[in-house]
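Following: one structure in structure tokens, then a few remarks.
Read the figures in this text as sums done on the coordinates, not as results from a lab. If you're wondering where the values come from, they're calculated on a predicted model, not measured in any experiment. All Cβ positions, glycine included, derive from the backbone under ideal geometry; neighbour counts span all protein chains shown.
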């Protein structure tokens, strides 16, 4: 079952690997030393929040603002946790702790499909573990390679631009209905207006404005 | 706050969110308002990063054609709309920026 999880995760890993490389290189460009950059990949272990945190560290934002931003970017994990909870409810606590640590976007994607198709069987948690560990190992190795290579990339390559490009690639496919488009547009414009806010609070303030606008418009529809 | 403290607290809180409902199954539910808010989090947060990175390259607004990042981002949006794939979008955007930079 462990290998079934690894195999189900494999196609996703092909896309994750370059992300890890870009993260590692960006973290080094942001001024993080190799060890902290790698530790962020194992302690926080959530790609998009790591990108954002590296950017805020480069801008010397206060720690509390960085932590708050990490939490908001990672809020969606509450939903994953609620979604898989019924499938893992009978496992011992140590399994729940381990699987929670491994509950990333990508491990969730592979695992929830498995649970929904096959239901809960005595070995199902090994599938979850296999998918989670495969993703974990890929993320650690690709981050390390990016950190290693990042220092060698000259500034004229404009690597910092890879961050907004990555986020454009992530956000465009989500723009499927009016409330989401409005949330994205308002948050973007608000971020321009709030750019000068102290403590680099502009990002989080703009995001909250966008979320509020999306929710209001959705209620009206 | 040192980067280690930031990673430790940020990591613990991220773990807490991942562990929350798995640990407390059946004892509480996702509040409906939070559930509704969640789908707006990625577009809002990502746009709040993308807009200034593209439109304020030197910490001030630049809407003109002289802003290479704006043109390169437009190329990336078009590629993202067409392919809906991440890597082609990044590659196209980076290539556009570096070409514009070399040409002008």
* To do: Report, to the nearest 10°, how far helix B:86-103 tilts away from the longest principal axis of the Cα atoms in chain B, using its own Cα long axis and a range of 0 to 90°.
  => 30 degrees
* Nearest 10 degrees, 0 to 90: what angle lies between the long axis of helix A:63-73 and the longest principal axis of chain A (Cα atoms)? -> 60 degrees
* So for chain B, what are the equivalent ellipsoid semi-axes in whole Å, largest first, each being the square root of 5 times an eigenvalue of the Cα gyration tensor? -> 38, 18, 14
* What's the FRET efficiency of residue B:74 with residue A:116 using the Cβ-Cβ distance as r and R₀ = 41 Å, to the nearest 0.05? -> 0.60
* Asked: Once every DSSP H run of n ≥ 4 in chain B is given -39500 (n - 2.57) and the sum is divided by its residues, what mean residue ellipticity at 222 nm do you get, rounded to the nearest 500 deg cm²/dmol?
  -> -24500 deg cm²/dmol
* Förster radius 45 Å - calculated FRET efficiency between residue B:62 and residue A:86, Cβ distance, rounded to 0.05 -> 0.35
* Asked: If you bin the C-alpha pair distances of segment A:77-174 every 10 Å from 0, what whole percents do you get?
  -> 13, 35, 26, 18, 7, 1
* Asked: Once segment A:116-221 is represented by equal point scatterers at the alpha-carbon sites, with solvent omitted, what log10 I(q)/I(0) does the Debye formula produce at q = 0.13, 0.23, 0.24 Å⁻¹?
  -> -0.85, -1.11, -1.15
* Asked: Where does helix A:47-58 land angle-wise versus the long Cα axis of chain A, in degrees 0 to 90, nearest 10?
  -> 30 degrees
* To do: Give the distance, in whole Å, between the Cα centre of segment A:1-71 and the Cα centre of segment B:32-84.
  => 20 Å
* Percent of Cα pairs exceeding the 11 Å cut-off, where the set is segment A:26-73 -> 64 percent
* To do: With r as the distance between the Cβ atoms of residue B:16 and residue A:199 and R0 = 25 Å, compute the FRET efficiency 1/(1 + (r/R0)^6) and round to 0.05.
  => 0.60
* Would you kindly give the portion of the calculated P(r) for segment B:1-60 that falls above 20 Å, as a percent of all Cα pairs? => 57 percent
* Structure fact -> Taking chain A and counting helices only, DSSP H stretches of n ≥ 4 at -39,500 (n - 2.57) each over all residues, the nearest-500 ellipticity at 222 nm comes to -25000 deg cm²/dmol
* Asked: Which order do B:55, B:12, A:99 fall in if you start with the one that has the fewest other Cβ atoms within 10 Å?
  -> B:12, B:55, A:99
* To do: Would you kindly compute the Cα radius of gyration of the protein assembly as shown and its largest Cα-Cα separation (Dmax), both in Å?
  => 19.6, 63
